[in-house]
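Here is the structure we will look at.
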Amino acid sequence: MAEIKKATGFIDWLDQRLAVNKFIKVMMTEYWIPKNINFLWAMGVVLMVLFMILIVSGIFLLMYYKPDIKLAFDSVNYTIMQEVEYGWLWRHMHGVAASAIFLVIYIHMFTGIYYGSYKKGREIIWLTGMALFGMFSAEAFSGYMLPWGQMSYWAAQVITNLFGGIPFIGESLVIWIRGDFLVADATLTRFFMLHVLLLPLVILLLIAVHFYSLRIPHVNNQEAEELDFDVEAKKYLDGKKVESKVVPFWPVFLSKDFFVVGVALTIFFYLVCFHFNFAMDPINFEPANNMKTPAHIYPEWYFLWSYEVLRGFFFDIGGVAAMDIGLAAFGFANVIFMLLPFLDRNTEHTAPAHKRPLFFVWFWLLLIDMIVLTVYGKLPPTGNNAWVGFGATITFLVLFILLPIITKMEANCKCNTGGCK
Amino acid sequence: MRELKILAVVIFFTAVVYWGVEPFAHSQMHPHVAPADFAFKDLGVSAKKGDAAKGAETFLNAGCIGCHGVSSQGMAAPMDNASASASFGVVPPDLSTAGAIYDKNFLAALIKDPTKALKVEHKFNESRPHPMIAFFGLGGDIDQEVADIVAYLQSIAPVAPMDDKQVYADACQRCHDMKYDKLMSTTDKAALMAYMGTVPPDLSIMIRAKGAEYLSTFINNPQKQLAGTSMPRVGLTEKAQSQVIAYMEKVGDRKKAEREDLGYKLIGYMVLFTLLAYAWKVKIWREVH
C-alpha cells in the first residue's frame, strides 16, 4: 500500500486514495486527440448528450408510466402529457431525442465509413459501434410500444411476426417473444422490462467498451494519417502546441464539442417544442385497437431502409416465397454493416474515401441507395414504388457483394503505394 | 471552408431524407382533398324565404317533438337517454341551438331527406330505414314549409355567441366521448355499437392524431377522407366547426401555449450557450492553431 500522508487539501486527500489526478490526466487532460479533424468528430459527444437526455427524461417518465395495456395509453397521454407539470416536456424530449439520436448515429457511422475509421486496428471500435446501433434499435422498438397506441400495437404485431419466418422454430419463437399467442399485456410488460432495464444496461456496457476500444488505436483524423501519439503528445506538453498534431481531450477538444452540442441542442429544442410530428407519429395518438388496422403501417424513419429491404422482394422467385427471400435479405442487411472491416480487403491502407476512387463511388452509391430505400420504405408498396424498392434492394445487396472485389482491386493497384492516391 | 462544405453535404442529405419521409410520403399516403364546402352545394339551395311564426306551427304539426326535445322552449325530450338509445340507436339531438350551429341549407335538406344530407345512403335504405323520418309535408308547398321550420329554428337559437364546449356538446357528444374532459356520450355504448357498427372513437386527443387541417375537411364531409365510414356529415357552419376544433385542441393539446412559450426560452438559452461556447472555443484554439 502506498504511504498515506497527512493531506494538504481535499483533492490531495482524494488523490492519495483514488489517484484522481492520474485519473483526470488519463481520461481528460492527457487523452490525446488528433488536431486535424472536423465537426463530424464531435458526433460522439453529441450522441452522449442525447443519450443522457434520454436517460434523464426516461427516469421522469418512468415515475408516471403504467405498463398495463388498460392503463398505458392514458398514463402517457393524460397523466404525463396533461396532468404532471412539464410532463409533456419530458415526453417530447424523450420522443424527439430517440429519433434525433438515430440521425446522429447514421452521421457518425457514415463518417466512420468515409474516413476508413473501421479498419486497421479500429475493428473493435466499429464492432462495438454496430452492436450499439443494434441495441439502440431494440431500445427504440421496445420504447415505441410503450404508449400502446395504434402504431405501437401494429408495429409490435408486424415485427414480432417476422420471427415466424425463421425455419422450423419460427412459430414457437413468435409465441416465446410475445409471451402470449397474440400481442397482448404480457408482450407489453416484457418489452417494458427490456426498455427500462436490460437494454439500457447492455448499452451502458457497450458504450464503456466502445470508448475503451478507442484508446489503443486512437481517434482517426481527416487524412487518416498515422500519428506517433507519444511523440506528438510530448511536443504538446513541451509547449510546442502549434507544431504538435494532437490536442488534449480537455479542454481543447471538448471546447469545440461544446459549441457543436450547443448548435445541436438549439435545433433539438426547436423540434421538441414546435416540430415533433416526425418523431411522435400522429397515428400513435389513437389507442391500440386490434380490430382496426391502420391504412398505412410503417416503422419509424430510421428503420425504413431495412424495412424496404424486407419487402423489396414482392414476388416469388424459383418457387421460393417472396416473404422468405425478403426475410433473408433483411437478415443480410442487418448483419452486413457489422462485417464491414472484414469485407474491405484493402487491409493495409487507411485513407479517406476521396483518396480511394472506387471506394468513393461505392460510398456515395451506398448513401444514395439507403436514402432511396428509406423514402420508398414509407411509401405504399404499389405500382412503380414496388419496383423502385426492388431495384434499390438489389443495389444494396450488390454493393456489399462488390465491396471485397473493389477493395481487393484497390489493394492490388500499384499506383501510389496500394490503391490510395 | 472545408467544414462548411461538409456541413452543407450533411444538411443536404438530411433535408432530402426528411422531405422524403415526411411531406412527400404523407402527400402520397393521404391524397389532397378539396377544401371544406360550408355551402353544402351538393344539396342545392332553396329560394324560399321562411317565416318563423308559421314555422313554429309547422314544427309542432310535423311531429318533430315526437323524438326531439327543444329545452330552451320548455319542450323536454320525450324519452330519457337510455330509452332513446334503445329505440333509435342514438339519442336524437335537442334542437335548441340547431339554428345557430347548423347551416340553413343543410337543415332544410336534412328535414326533407336525412340520409342524403347526412351522406349515409350506403348504410340506410328501405329495408333499414334511418331513424329520422323524412318530412313529407303538411299538404302545402313542402319547400315553403321546410323553409318555415328552418326559420323557426333560427329564431329560437341563442343570439349570444356560444362557447366552444357547448357547440361540441350539441354537435358531437351524442356519439363521442371526450374522456379527458369528462364528457361522455349521451347515447348508451351498446346501442351505439349496434347502430354505428363500431363504437365512435374517444375524441380526447384526436387533435394530435389527425390535426386541425384533416378534421376541418373530415367533419365537413367524412366520406371525403374516409369513404364508407358510418359517421354522418354533421352540417356545421364554418364558425361552429371551427369552435368544435378549437375545443378539441383545448382538451387534446392543453399544453400548447405553455409548450410554445417555453420553446422560445429554451431556444434562447441554447443560442446564448452556443455563442459563449463558440467564444470559449476560439480562445482555447488560438493557442494550438
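Every number in this text was worked out from the coordinates using simple rules, so none of it is lab data. Everything numeric in this text was worked out from a predicted model, so none of it was measured. Quick reminder, even Gly has a Cβ in these numbers, built from the backbone with ideal geometry, and neighbours come from all protein chains shown.
Under 20 Å of direct C-alpha separation, and excluding same-chain neighbours fewer than eight residues apart, A:K234 reaches these aspartates and glutamates: A:E30, A:E225, A:E226, A:E243, B:E287.
Legend: mean number of C-beta atoms from other chains within 10 angstrom of residue C-beta atoms, peptide A:290-300, equals 1. Seen from every direction in turn and averaged, the convex hull around the alpha carbons of the protein assembly as shown projects onto 42.0 nm². Among B:K41, B:K104, B:K250, the residue with the largest mean-square fluctuation in a Gaussian network model of chain B, with springs joining Cα atoms closer than 10 Å, is B:K41. With both labels modelled 7 Å from their Cα along Cα-to-Cβ, the B:R128 to A:A19 distance reads 8.0 nm. Hydrophobic long helices, here whole DSSP H runs in chain A with Kyte-Doolittle means of at least -0.5 and Cα atoms spread over 30 Å or more along the helix axis, are found at A:87-114, A:123-145, A:357-378, A:384-412. For segment A:116-147 versus segment A:164-204, the spacing of their alpha-carbon centroids is 19 Å.
With a ≥ b ≥ c taken as the square roots of the eigenvalues of the C-alpha gyration tensor of segment B:87-167, please select rounded if a/c is under 1.5 and otherwise prolate if a/b is larger than b/c or oblate if it is not? Don't skip to the end; give the middle numbers.
Numbers: a/c = 2.27, a/b = 1.28, b/c = 1.77.
Since a/c reaches 1.5 but b/c is at least a/b, the shape of segment B:87-167 is classed as oblate.
What does the C-alpha gyration tensor say about the overall shape of chain A? Classify as rounded when a/c is under 1.5, otherwise prolate if a/b is larger than b/c, or oblate. Taking the square roots of the gyration eigenvalues as a ≥ b ≥ c, chain A is oblate. Membrane-span-like helices in chain B (whole DSSP H runs, Cα extent of at least 24 Å along the helix axis, mean Kyte-Doolittle hydropathy of at least 0.5): B:2-19. For peptide B:9-17, the mean count of partner chain Cβ atoms within 10 Å of a residue's Cβ comes to 4. Placing pseudo-labels 7 Å out from each Cα toward the beta carbon at A:K66 and B:K182 gives an inter-label distance of 1.7 nm. Do any of B:K255/B:K283; B:K256/B:K283; A:K240/B:K281; B:K41/B:K123; B:K182/B:K239; A:K292/B:K119 go past 30 Å between their Cα atoms, and which? Result: B:K255/B:K283; B:K256/B:K283 exceed 30 Å. Averaged over peptide B:26-36, the number of partner chain Cβ atoms lying within 10 Å of each residue's Cβ comes to 2.
Sorting B:M248, A:M109, A:M28 from the fewest to the most surrounding beta carbons within 10 angstrom yields A:M28, A:M109, B:M248. Using a/c under 1.5 as the rounded threshold, could you call segment A:1-64 rounded, prolate or oblate? The axes a ≥ b ≥ c are square roots of the C-alpha gyration tensor eigenvalues, and prolate needs a/b larger than b/c, oblate otherwise. Judged from the Cα gyration tensor, segment A:1-64 comes out oblate (a/c at least 1.5, b/c at or above a/b).
Panel order for B:H176, B:H30, by other beta carbons found within 10 Å of each beta carbon, from fewest to most: B:H30, B:H176.
Given Cα pairs under 8 Å that are at least 6 residues apart, what percent is the relative contact order of chain A?
Relative contact order of chain A: 21 percent.
Dipole size of chain A about its Cα centre, with +1 on Lys/Arg Cβ and -1 on Asp/Glu Cβ: approximately 960 debye, rounded to the nearest 20.
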